[in-house]
1. Picking from Ile57, Ile48, which residue would you name as being open to solvent by less than 80 Å² (accessible area, probe 1.4 Å) and not in a helix (DSSP H, G or I)?
2. Has segment 13-26 got at least one residue that is in a loop (DSSP other than H, G, I, E, B) and open to solvent by less than 80 Å² (accessible area, probe 1.4 Å)?
3. Assuming Met29 fulfils every condition listed in (1) among the aliphatic types (A, V, I, L, M); (2) under 13 Å from the mean Cα position of the chain (by Cα); (3) loosely packed, with under 12 Cβ neighbours inside 10 Å apart from one, which condition is it?
4. If you go through segment 4-38 one residue at a time, how many are closer than 15 Å to Lys79 by Cα, hydrophobic (A, V, I, L, M, F, W, C) and touching a residue at least 60 places away in the same chain (Cβ under 8 Å)?
Amino acid sequence: NNDGEAVKLFFPPMTREQREENAKHAKAMGEKAKVSVRNVRKDANDGIKKLEKDKAISEDEAKKAYDEVQKLTDGFITKIDELVKNKESELLKV
């Protein structure tokens, strides 16, 4: 419908199969996001190794940097898991 200022679209309610399919899609998107976070972690660790090899940072600093990168990675993975879980429950709720 067009009321002159806005266009209004009406969609029928989703069926159970559509809800389950969307929940699967959300889970797949969450897995892709986790893979991306892990790739960023790998790039960061490679950068730390290069700095350590070039003697720009000490072994202790490298260890702290690795730990910090892992802590950040774990935090984002946890956040992604929570978001996917919440979205699945929202989609499957009738």
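The values are calculated or read from the model by the stated rules, or taken from the named source; none is laboratory data. Predicted model only: the values in this text are computed from it and were never measured. Positions of Cβ are generated from backbone atoms using ideal geometry, with glycine treated the same way; all protein chains shown enter the neighbour counts. Note: areas computed on protein heavy atoms with side chains; ligands, DNA, RNA excluded. Shrake-Rupley method; radii C 1.70, N 1.55, O 1.52, S 1.80 Å.
1. Testing whether each residue is open to solvent by less than 80 Å² (accessible area, probe 1.4 Å) and not in a helix (DSSP H, G or I) leaves just Ile57.
2. yes
3. Met29 satisfies all of (1) among the aliphatic types (A, V, I, L, M); (2) under 13 Å from the mean Cα position of the chain (by Cα); (3) loosely packed, with under 12 Cβ neighbours inside 10 Å except (3).
4. Qualifying residue count, segment 4-38: 1.
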